[in-house]
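Read the structure below first, then the notes.
What follows draws every value from the coordinates through simple rules; no lab data is involved. None of the values given here were measured: they were computed from a predicted structure. Counting neighbours? That spans all protein chains shown, and the Cβs are built from the backbone with ideal geometry, glycine included.
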Amino acid sequence: MVANGLANERSLYLRQHADNPVNWLPWGEEAFALARERDVPLLVSIGYAACHWCHVMEQESFSDPEVAALMNDHFVCVKVDREERPDVDEYYMDAVQALRGQGGWPLNACCTPDGKPFFAGTYFPPEPRGGIPSWREVLTAIAEAWQNQRTELEDLANRLHAAICAAATVSLAPRQPTEGLAETVEQALAKAFDVEYGGFGEGAKFPQAPALLFLSQRAEEGSVRAGSLLDRTLEAIARGGIRDQIGGGFHRYTVDRSWRIPHFEKMLYDNALLLRLFSRRYLATANPTFKEAAADTVRFLTSELAAPDGLFSASLDADSPGGEGAYYLWRAAELRELLGPLYGSAAAWLGVREEGNCAAPNGPPPGTNVLYLAGPQPAEADEIKDRLRTARSQRPRPARDEKAVVAWNGLAVAGLAEAAVALASEEVLDLAQRAAEALLAAPRTEAGLLPRAGFDQGFSGEGFLEDHAYLLDGLVALFEVSCEERFLEAAADLADRLLFAFYDPAAKTFFTAADREGRIPARTALEDSALPAAGPTAAIALHRLYQLTGESRYASPAEALCERSAGLVERYPLAFATAALAHAFRQAQPRPLACRLPRPAPAAS
């Protein structure tokens, strides 16, 4: 029996489980070999460092010696950081969605020794609750089934694996998109739009940046409706509790429909994408709220996520020593003591209630307040924010995941480049350039590819399509802003590597991973998640590169992706908004290149 094997892992999330009595192993051949040797199932548990419910299950179950004994006796237990291995996460997320109809984290899957899942779920409580079995009950039932119904479990695993593999590479027959494809997508977004609060749907609210980026392009092309939907949503996000009104930046999502009560982790990718959206829309509308949100997001990135090498860390945790969201929450009495005579105007401005304003299922503790913009800004706004910022800085801070994910830093390069234009700031452009330079200087793999992530001990892992596509998009944006040839040259080199490793000329599509023969099936990268789909992102960047260089080798794959995805966009417009954006961008008139950030004149000699 092996002991817990996570202590020397680079991932903060894995190290958070290094002291568990569970004999965790990292994902790799050692775990598969041990499962075959012991002839027991694999238990694959996936999460990420900033995840609140991952912490809850770790404290309730994985730290319990009796539960750990059950896991160790009947399984080989594997811990995976989804941010290090998005391919592993996608595979098991497909399984849990197929079996349960929905997914989330922590993700827990029970598998045959070769990794094929036959059971998958998310969070399980320590005792039965609300119709959900306890984790002990799940473990016991699966251990018994492995002994008594193994053939049925293996058959289910084989069928589920085959279905996931088939779905991972699905694409419709290539055809030219219909003339009104962009209008069809816009209509679908308008139909799903929450007229009262902005955004899409009527439950928990995520920014859904891919859909908003599509609307941004449509608005740029002259669609009044797209601009209205976009502005209503960005206004709501900027005024809501999803935005940290004191420290800047955005939380991942809200548990309510009105954008007020967040789930408190802050992710680099959300902030990079929203920075881009607010910057673009400020340039289009001159709305000062959008400029302020963009400037606050830059301040958040530099003060909270920036690393000395110019890159940005992955996330801030949802939890702090006082509990989930404790760093961000306020009680009325505390604010009254801090603000004195300013309390009344501050409370009206920031939505503070004596009884608290967090009455929502799964929300923060009663009596606490999430700050959001509820009323007119008082004249003393800056003083109020300064006092609250100073007081909050004395609280225990949320943990930061120092991991620098290459893909997310590529998004930050693009967001900062466009923010430099919106804010007319050389300093912001320098941030984008430093991040790009650090990524380009990272050691390549033996195949000449980008690594996946940087840690204190250096970079590791092989990058995926999203790492290359998002950085390519960022380099093109950086060149369009700065007109520095080195970024165009770097983009061309990266594009060639991307096409060689991730584009299949026979299938005329992009795959998420360079290794398409491994244990985890490589997927066609067409469908959006919280992030824009990597395949269409690559197509957009390649098309922009073609416009800048005239090199047809960049245009053909972009055209092929548009043809491959046209049917999917028409049938499932909300899930393929970035593919729709690729279609819209292909049909848009190319803009003449102009360095969009004025350079200061050289000093006279």
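Calculate the spin-label point distance for GLU485 paired with LYS508, positioning each point 7 Å from the Cα along the beta-carbon direction, and give it in nanometres.
Result: 3.6 nm between the two label points.
For the chain, with the dipole built from +1 on Lys and Arg beta-carbon atoms and -1 on Asp and Glu ones, taken about the Cα centre, which of VAL44, GLY323, VAL413 lies farthest toward the positive end?
Selected residue: VAL413.
What are the radius of gyration and Dmax of the chain, computed over its Cα atoms and given in Å?
Rg and Dmax of the chain, Cα atoms, are 24.3, 86 Å.
What residues from the stretch 558-572 fall in the zone where the backbone N is under 11 Å from a label point 7 Å along the Cα-to-C-beta line of ARG586?
558-567, by backbone N distance to the label point.
Going by amide H atoms built from the backbone, whose H comes under 5 Å of the H on VAL40, apart from near neighbours?
For VAL40, no residues qualify.
Name the residue from LEU542, ALA453, CYS111 whose Cα lies farthest towards the positive end of the charge dipole of the chain, charges +1 on Cβ of Lys and Arg and -1 on Cβ of Asp and Glu.
So the residue we want is LEU542.
In debye, nearest 20, what is the charge dipole magnitude of the stretch 328-394 about its Cα centre with +1 on Lys and Arg Cβ and -1 on Asp and Glu Cβ, if you could check? Mind showing how you got there, number by number?
Values: 7 positive and 8 negative charges, 32 e Å.
Approximately 160 debye in magnitude.
Taking the Cα-to-Cβ direction at THR184 and at GLU37 and moving 7 Å from each Cα, how far apart do the two end points lie in nm?
So the label points at THR184 and GLU37 sit 5.5 nm apart.
Counting helices only, and only those DSSP H runs with n ≥ 4, report the 222 nm mean residue ellipticity of the chain as the sum of -39,500 (n - 2.57) divided by its residues, in deg cm²/dmol to the nearest 500.
Helices in the chain give a 222 nm mean residue ellipticity of -15500 deg cm²/dmol.
Calculate, in nm to one decimal, what GLU427 and GLU152 gain on full extension: separation in residues at 0.36 nm each, minus their alpha carbon distance. Walk me through the numbers before you get to the answer.
Working: separation 275, 0.36 × 275 = 99.00 nm, distance 6.13 nm.
This chain segment gains 92.9 nm when fully extended.
Under the definition of Cα pairs under 8 Å and six or more residues apart, what whole-number percent is the relative contact order of the chain?
Normalised by residue count, the contact order of the chain is 13 percent.
Magnitude of the Cβ-charge dipole of the stretch 269-312, K/R +1 and D/E -1, about the Cα centre, nearest 20 debye?
Details: 5 positive and 5 negative charges, 56 e Å.
Taking the Cα centre of the stretch 269-312 as origin, the dipole is about 280 debye.
Pull out the extension gain between ALA166 and GLU66, defined as 0.36 nm times the separation in residues minus the alpha carbon to alpha carbon distance; nm, one decimal. Before the final figure, lay out the partial values.
On the way: separation 100, 0.36 × 100 = 36.00 nm, distance 3.95 nm.
Working it through step by step, the gained length comes to 32.1 nm.
With only Lys, Arg, Asp and Glu charged, each at its Cβ (+1 for the first two, -1 for the last two), find how big the charge dipole of the chain is about the Cα centre; round to the nearest 20 debye.
Working: 58 positive and 82 negative charges, 241 e Å.
Its charge dipole is roughly 1160 debye.
If the stretch 296-374 were replaced by its equivalent ellipsoid, with semi-axes equal to the square roots of 5 times the Cα gyration tensor eigenvalues, what would those be, largest first, whole Å? Each step should come with its number before you reach the end.
Numbers: eigenvalues 154, 56, 24 Å².
Value: 28, 17, 11 Å, ordered largest first.
Work out, step by step, the length gained on full extension between ASP456 and GLN377: first 0.36 nm times the residue separation, then minus their alpha carbon distance; give nm to one decimal.
Values: separation 79, 0.36 × 79 = 28.44 nm, distance 4.22 nm.
Separation in residues times 0.36 nm, less the Cα-Cα distance, equals 24.2 nm.
With the cut-off at 14 Å, report for the stretch 61-107 the share of all Cα pairs above it, as a whole percent.
On the way: 651 of 1081 pairs.
Here the long-distance tail beyond 14 Å is 60 percent of all Cα pairs in the stretch 61-107.
State the answer as a single residue: which of ALA359, LEU335, PRO378 lies farthest towards the positive end of the charge dipole of the stretch 328-394, with beta carbon charges of +1 for Lys and Arg and -1 for Asp and Glu, about the Cα centre.
ALA359
For a label point 7 angstrom out from the Cα of VAL2 toward its Cβ, which stretches of the stretch 79-106 have the backbone nitrogen within less than 17 Å?
From the stretch 79-106, the list is 79-81.
Sequence gap at least 6, Cα distance under 8 Å: using those rules, report the relative contact order of the stretch 328-394 to the nearest whole percent.
37 percent
Please list the equivalent ellipsoid semi-axes of the stretch 12-168, computed as the square roots of five times the alpha-carbon gyration tensor eigenvalues, in descending order and whole angstrom.
21, 18, 16
For the stretch 328-394, treating each Cα as an identical point scatterer without solvent, what Debye log10 I(q)/I(0) comes out at q = 0.11, 0.17, 0.19, 0.25 1/Å?
-0.23, -0.55, -0.69, -1.14
Under a crude label model (7 Å from the Cα following the beta-carbon direction), how far is GLU30 from ARG225 in nanometres?
5.7 nm
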